[in-house]
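Working notes for the structure below.
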Amino acid sequence: MAQPIQLTAPSQVSYLKPTGLFINNEFVPSISGQTLSTVNPYDESVIDSVASVGSKDIDLAVASARNAFKSEEWQSLAGYDRGFLLTRLADLCHRDKHILATIDAWDNGKPYEQALGEDLAEVISVFRYYGGWPDKIHGQTIPTSEAKLAYTRQEPIGVCGQIIPWNNPVMMAAWKLGPALACGNTVVIKAAKQTPLSIPYLASLIKEAVFPAGVVIVVNGLGATAGAAMASHLDVDKIAFTGSTNTGKAIMKAAASNLKTITLETGGKSPLLVFEDANLGQAVKWSRVGIMSNMGQICTSTSRIYVQEGIYETFVEKFKQYTIENSIVGNQFDPQVNHRPQVSAAQKSRILGYLETAKCEGAQLVLGDDQPSPDDKGYFVKPIIFKDSNRDMTPVREEVFGPFVVTQSFKDQKDAVEKAIDTEYGLGAALFTEIITCAHKVAASIQAGMVWVCTRRYNYSHFAIPFGGYKQSGIGRELGEYALSAYTQVKALHVNLGTWL
Ligand code: NAD
Ligand code: MG
């Protein structure tokens, strides 16, 4: 068994870090012998390293998840008891929320108070919510004729591979584990290389909650090796992924190996529309939250803002001032700070690359020409706002995934909708208007999986509301009752009632 080690975060919170991969409810060394190290994005210091698995480890992980899936212990567990495991896991996440939030803030660079107040709050709610479902997942009886009894059963899919991103690590794990386990599947889950630390800790809570061995396997590793091995594995029945659209496409191709069921939650370029009648103060406030929260590293970030022409200049000026006043740059554990580092050097240079591209392509920089010098420690990118962008500019078309927003004016409702949907993505859209007919009409015309109308913290999720995208923003839905159909398959039974026709 791999031995745990004591780690102490800059906030002085200490915890025992499990080492190795979590197979059959034990932490074991990897076969690959490879490791990957992870850093604190605030000062680039190495936090620690974790086992980085290869394809032989994935074979072992999948075999263990398969055995658990077939086991009498898991198959015969009543729905109510499966639900109890999930609610007990919710209780343990609640007990250790400060540790899990500390790990994600340290490893990802995200604000500690956000990791605690938003991510962990959601983790606990999601496990509790799905804990209520297992004894309520049932089929239908279908009237056909006197001679036949026809009914359906909602059955689990089998072994599910789950690949999660680095922006909300433990929260993304909960979104995927909750419905998969509620439906009676077994899971092999892999975190992103930038944030590998919270998932093994969650694994230790899964063991403490007394899930049967092998029901959840937790690994870390690189996308191109471990992730690709999961996506193409012939004994994995389903793959669920959150991350970039390009990686989603690669996973879809790999999943064709055995025609896996897939759920993809990919990129976004979500528009935010501000109509002339809107409450300007509220629109400005939530426009900042929509793109600067988590330093723009949220798939639902509203990264394209369209404002009706009569108020466009006023909006841009107020938005700039409000963003300056609310962007105190610093470390993730300081509650006075509200703008922390990006997750990695690669993300920082990618965002700064888009800054140069936008300037070259003729967009006008309103805020963001005072970026930290390349020699400064930490992956900081200060908020970037452009005005007078147009549809052909690269950062209007591509997902930047940083505190980077392009703005443009629109004439009328028709023009607003045309601009909003002029994208290959379709994750979300926000709109601010006080006119109810305009709100409903525009909301119905926008091709997106979620539309937020004048709502507070609009781009945040709620465990009971379906989450997912149109177009290249994904396939399928997570959260709510909808996620249950992503983790079950339907068996139709035809029973002869005694008439041999
Ligand atoms: P990514 O999509 O490559 O990585 C996400 C996850 O996929 C990680 O766990 C990674 O290990 C895994 N992965 C990578 N390649 C794989 C493959 N071939 N097969 C199987 N799994 C694989 O994202 P990234 O490179 O870390 O970030 C790049 C961009 O992705 C960002 O700038 C952003 O635009 C986007 N992104 C989106 C989200 C989101 O929530 N939608 C999250 C993270 C990143
Ligand atoms: Mg890290």
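The residue that is nearest to E313 (Cα to Cα), among those in the range 351-380 that are surrounded by 15 or more Cβ atoms within 10 Å (Cβ to Cβ) and within 16 Å of ligand 2 (Cβ to nearest atom), is F380.
Filtered by the rule that a residue be more than 16 Å from ligand 1 (Cβ to nearest atom), in contact (Cβ under 8 Å) with a residue 60 or more places away in the chain, on the phi < 0 side of the Ramachandran plot and not aliphatic (A, V, I, L, M), the range 32-47 gives N40, Y42, D43.
Taking the range 118-223 as the region of interest, the strands (runs of 3 or more DSSP E) fully inside it that hold 3 or more residues being more than 16 Å from ligand 2 (Cβ to nearest atom) and in contact with a helix residue (DSSP H, G or I) (Cβ under 8 Å, 6 or more places away or on another chain) are 159-163, 186-191, 216-220. Among the criteria (1) assigned to a loop (DSSP other than H, G, I, E, B); (2) farther than 16 Å from V274 by Cβ; (3) touching a residue at least 12 places away in the same chain (Cβ under 8 Å), the one W500 does not fulfil is (3). Taken together, G290, G310, G268, G281 contain a single residue that is out of contact with any helix residue (DSSP H, G or I) (no Cβ under 7 Å at 6 or more places or on another chain) and not in a helix (DSSP H, G or I), which is G268. Could you please find all residues in the range 344-376 being of a type in the set (D, E), more than 20 Å from N40 (Cβ to Cβ) and not in a helix (DSSP H, G or I)? If the condition is that a residue be of a type in the set (D, E), more than 20 Å from N40 (Cβ to Cβ) and not in a helix (DSSP H, G or I), then E361, D369, D370 are the ones that fit. Being surrounded by fewer than 20 Cβ atoms within 10 Å (Cβ to Cβ), at pLDDT 95 or above and within 16 Å of ligand 1 (Cβ to nearest atom) is a property that does not hold for E418.
Answer yes if at least one residue in the range 322-330 is more than 16 Å from ligand 2 (Cβ to nearest atom), surrounded by 20 or more Cβ atoms within 10 Å (Cβ to Cβ) and closer than 22 Å to V417 by Cβ, and no otherwise. Looking through the range 322-330, none of the residues is more than 16 Å from ligand 2 (Cβ to nearest atom), surrounded by 20 or more Cβ atoms within 10 Å (Cβ to Cβ) and closer than 22 Å to V417 by Cβ. The requirement of being buried (at least 17 other Cβ atoms within 10 Å of the Cβ), among the aliphatic types (A, V, I, L, M), closer than 28 Å to H233 by Cβ and modelled with pLDDT of 95 or more is fulfilled nowhere in the range 104-121; no residue meets it. Take the conditions (1) surrounded by fewer than 16 Cβ atoms within 10 Å (Cβ to Cβ); (2) of a type in the set (A, V, I, L, M, F, W, C); (3) closer than 30 Å to D237 by Cβ; A444 misses just one of them, which is (3).
Quickly run through the range 226-236 and pick out the residues that are more than 9 Å from ligand 1 (Cβ to nearest atom) and either surrounded by 24 or more Cβ atoms within 10 Å (Cβ to Cβ) or under 15 Å from Q34 (Cα atoms) (or both).
Residues of the range 226-236 that are more than 9 Å from ligand 1 (Cβ to nearest atom), as a first pass: 233-236.
Result: V236, single match.
I'd like to know if the range 50-72 contains one or more residues that are in a strand (DSSP E or B) and surrounded by fewer than 16 Cβ atoms within 10 Å (Cβ to Cβ). The answer is no, given that none of the residues of the range 50-72 is in a strand (DSSP E or B) and surrounded by fewer than 16 Cβ atoms within 10 Å (Cβ to Cβ). For the range 257-264, does any single residue satisfy the condition of being within 12 Å of ligand 1 (Cβ to nearest atom), outside any helix (DSSP H, G or I) and closer than 14 Å to A192 by Cβ? Checked against the condition, which is being within 12 Å of ligand 1 (Cβ to nearest atom), outside any helix (DSSP H, G or I) and closer than 14 Å to A192 by Cβ, the range 257-264 yields no hits at all.
Within the range 228-257, residues that are over 15 Å from G474 (Cα atoms) have Cβ atoms under 8 Å from residues that are within 16 Å of ligand 2 (Cβ to nearest atom) in these pairs: M230/K190, counting only partners at least 6 apart in sequence or on another chain.
The values are calculated or read from the model by the stated rules, or taken from the named source; none is laboratory data. What you see is a predicted model; the values in this text were computed from it and never measured. We place every Cβ from the backbone using ideal geometry, glycine too, and count neighbours over all the protein chains shown.
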